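Asks: What follows is a structure written as structure tokens; I'll ask about it next.
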Amino acid sequence: MRPPNPQRDELHQLLLRWYDRHARDLPWRKNPEPYQTWVSEIMLQQTQVATVIPYFERWMARFPTIADLANASEDDVLQFWQGLGYYRRGRNLLAGAQYVVANGIPFDAAGWQEVPGIGPYTAGAIASIAQNQPAALVDGNVERVYSRLTADATEPPKLTQNAWKWANLNLDHHRPGDWNQALMELGATVCTPKNPQCPTCPLKNRCAAFAIGKPDSYPTPAKRTATVQLQQTLWIARCGDRIATERVPQGEWWEGMVSFPRSQTHDLTENPFDPAWPKLAGTFKHSVTHHRITLQVACVTVENAADNYTWLNAHELNAAAIPAPHRKGLELAKRL
DNA sequence: AAACCGGGGTC
DNA sequence: GACCCAGGTTT
């Protein structure tokens, strides 16, 4: 056992008392079993709570248990993940379910981290929230709260290491799951990146950044890779009531999903359906990590359905896993 | 250690 | 526009 620490005890009391009154009513908190917690944590990776909620509800209705998920196909999973982004998360969740069916449900953070798609954060989250294990965690919220509480101006990724040390030292062993969620809840709703609500913060009198009047100058921002501008054309080819589609090849963005013929230029003479004459349906921008794509949508009508494409009708298109910007392009083409 | 991977909310 | 989000995997 670790030695008594009255300051740490007070920190736990201040934050947990606040959390008991202010915890948001989130769907995955109704039934914090390992599977529910697991699914929610994977969906929440780099994704905001409000975005995840409808996906989580649909997922639980379609794949109620780990066994249901383990028996699903990758296309099933991708169709449900469609629009959420970071599709490897969905594939890994499927692989993880199969792993757990084969090897049994892990009982601590170290065991969870062996599951595909589960790293140190998610392992700590499932073990502490669903299994009451004394496991720490650090996400973007905890890192920011730590950085402000201690006025640690270290640049990431070293800051992340410091935050993990702090999280392990300050874990609440009586209510580890609530403590971890309370730290994240504070970061998400009070100790926000911009305009933190310090006057309402339960920890303001323990916060070094607040004490020196500079909460929003922490944490020190990470250096970012420069934005790259790209141009693409999406070709929506119609033959009767069907549209030409293809599987995105390995190595390209959205690999394995369903998309339309694409060219890496706005030059409409590079027309895969030549000599059919293209009509421009519109242009919009879409971001993929540090890339900024200006996407042009060209429509053509053809007489013969070339067999190097898969021609899908409206019903089949609706059921396919199509990347969000390409589905948006399809909608633009429909309005033409 | 740095790059890769999506999409949306927010300022 | 830039920044951020209950990060993990690959190189």
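Asks: Could you list, in sequence order, all residues of segment A:283-308 that are surrounded by fewer than 16 Cβ atoms within 10 Å (Cβ to Cβ) and within 10 Å of DNA strand B (Cβ to nearest atom)?
Replies: A:Ser287, A:Val288, A:Thr289, A:His290, A:His291
Asks: If you don't mind, there's one more thing I want to ask. Can you name every residue in segment A:107-122 that is in contact with a helix residue (DSSP H, G or I) (Cβ under 6 Å, 6 or more places away or on another chain) and surrounded by fewer than 22 Cβ atoms within 10 Å (Cβ to Cβ)? Lay out the reasoning, then the answer.
Replies: First, pick out the residues of segment A:107-122 that are in contact with a helix residue (DSSP H, G or I) (Cβ under 6 Å, 6 or more places away or on another chain): A:108-109, A:112-113, A:115-118, A:122.
Listed by number, the residues that qualify are A:Asp108, A:Gln113, A:Pro116, A:Gly117.
Asks: Is it fair to say A:Asn318 is polar (S, T, N, Q), open to solvent by less than 80 Å² (accessible area, probe 1.4 Å), away from DNA strand C (no atom under 16 Å from the Cβ) and not assigned by TED's automatic domain parsing to the domain that holds A:Thr192? Give the derivation first.
Replies: Values: polar (S, T, N, Q): yes; open to solvent by less than 80 Å² (accessible area, probe 1.4 Å): no; away from DNA strand C (no atom under 16 Å from the Cβ): yes; not assigned by TED's automatic domain parsing to the domain that holds A:Thr192: yes.
Against the criterion (polar (S, T, N, Q), open to solvent by less than 80 Å² (accessible area, probe 1.4 Å), away from DNA strand C (no atom under 16 Å from the Cβ) and not assigned by TED's automatic domain parsing to the domain that holds A:Thr192), A:Asn318 does not qualify.
Asks: Counting only residues that are touching a residue at least 40 places away in the same chain (Cβ under 8 Å), assigned to a helix (DSSP H, G or I) and within 22 Å of the chain's Cα centre (by Cα), which one in segment A:137-163 is farthest from DNA strand C (Cβ to nearest atom)?
Replies: We begin by selecting, within segment A:137-163, every residue touching a residue at least 40 places away in the same chain (Cβ under 8 Å); these are A:137, A:139-145, A:147-157, A:159.
Keeping just the survivors that are assigned to a helix (DSSP H, G or I) gives A:140-145, A:147-149, A:159.
Then keep just the ones that are within 22 Å of the chain's Cα centre (by Cα); that gives A:140-145, A:159.
Working: A:Gly140: 3, A:Asn141: 5, A:Val142: 8, A:Glu143: 7, A:Arg144: 5, A:Val145: 10, A:Leu159: 12 Å.
Selected residue: A:Leu159.
Asks: Looking at segment A:287-300, I want the residues that are touching a residue at least 60 places away in the same chain (Cβ under 8 Å) and have a partner that is of a type in the set (Lys, Arg) and within 11 Å of DNA strand C (Cβ to nearest atom) with Cβ atoms under 6 Å, at least 6 apart or on another chain. Which pairs are those?
Replies: From residues that are touching a residue at least 60 places away in the same chain (Cβ under 8 Å), the pairs are A:Thr294/A:Lys285.
Asks: Out of curiosity, is A:Arg175 in contact with a Phe, Trp or Tyr (Cβ under 8 Å, 6 or more places away or on another chain) and either closer than 22 Å to A:Thr47 by Cβ or modelled with pLDDT of 95 or more (or both)? Write out each step before concluding.
Replies: On the way: in contact with a Phe, Trp or Tyr (Cβ under 8 Å, 6 or more places away or on another chain): no; either closer than 22 Å to A:Thr47 by Cβ or modelled with pLDDT of 95 or more (or both): yes.
Considered against the rule, which asks whether it is in contact with a Phe, Trp or Tyr (Cβ under 8 Å, 6 or more places away or on another chain) and either closer than 22 Å to A:Thr47 by Cβ or modelled with pLDDT of 95 or more (or both), A:Arg175 comes out as no.
Asks: Of all the helices (runs of 4 or more DSSP H) wholly in segment A:35-92, which have at least 2 residues that are in contact with a Pro (Cβ under 9 Å, 6 or more places away or on another chain)?
Replies: Numbers: elements: A:49-62, A:66-70, A:74-81.
Output list reads A:49-62.
Asks: Kindly establish whether A:Gly213 is within 16 Å of DNA strand C (Cβ to nearest atom) and open to solvent by 20 Å² or more (accessible area, probe 1.4 Å). Reasoning before the result, please.
Replies: On the way: within 16 Å of DNA strand C (Cβ to nearest atom): no; open to solvent by 20 Å² or more (accessible area, probe 1.4 Å): yes.
Taking the combined requirement at face value, the residue does not satisfy it.
Asks: Can you tell me which residue is farthest from DNA strand C (Cβ to nearest atom) among those in segment A:185-199 that are surrounded by fewer than 20 Cβ atoms within 10 Å (Cβ to Cβ) and assigned to a helix (DSSP H, G or I)? Walk me through how you get there before you give the answer.
Replies: Here is the first cut: in segment A:185-199, the ones surrounded by fewer than 20 Cβ atoms within 10 Å (Cβ to Cβ) are A:188-190, A:192-195, A:197-199.
Filter once more, so that each one left must be assigned to a helix (DSSP H, G or I): A:188-189, A:198-199.
Details: A:Ala188: 4, A:Thr189: 9, A:Cys198: 16, A:Pro199: 20 Å.
Across segment A:185-199, the extreme among qualifying residues is A:Pro199.
Asks: Which condition from (1) more than 30 Å from A:Gln13 (Cβ to Cβ); (2) buried (at least 18 other Cβ atoms within 10 Å of the Cβ) is the one that A:Pro202 breaks?
Replies: Result: A:Pro202 passes all but (1).
Asks: Of everything in segment A:216-229 that's open to solvent by 60 Å² or more (accessible area, probe 1.4 Å) and under 25 Å from A:Leu203 (Cα atoms), which residue is nearest to DNA strand B (Cβ to nearest atom)?
Replies: A:Asp216
Asks: Further question on the same structure: Residue by residue through segment A:123-135, note down the ones that are part of a helix (DSSP H, G or I) and crowded, with 23+ Cβ neighbours inside 10 Å. It would help to see each step written out before you state the result.
Replies: Start the filter on segment A:123-135 by keeping residues that are part of a helix (DSSP H, G or I), which leaves A:123-131.
Of everything in segment A:123-135, those that are part of a helix (DSSP H, G or I) and crowded, with 23+ Cβ neighbours inside 10 Å turn out to be A:Ala123, A:Gly124, A:Ala125, A:Ile126, A:Ala127, A:Ser128, A:Ile129.
The values are calculated or read from the model by the stated rules, or taken from the named source; none is laboratory data. Only a predicted model underlies this, so the values are computations on that prediction, with no experimental measurement involved. Glycine also receives a Cβ, built like all others from the backbone with ideal geometry; neighbour counts cover every protein chain displayed. Note: accessible area is taken over every heavy atom of the protein model, side chains too, but ligands, DNA and RNA are not part of it. Shrake-Rupley method; radii C 1.70, N 1.55, O 1.52, S 1.80 Å.
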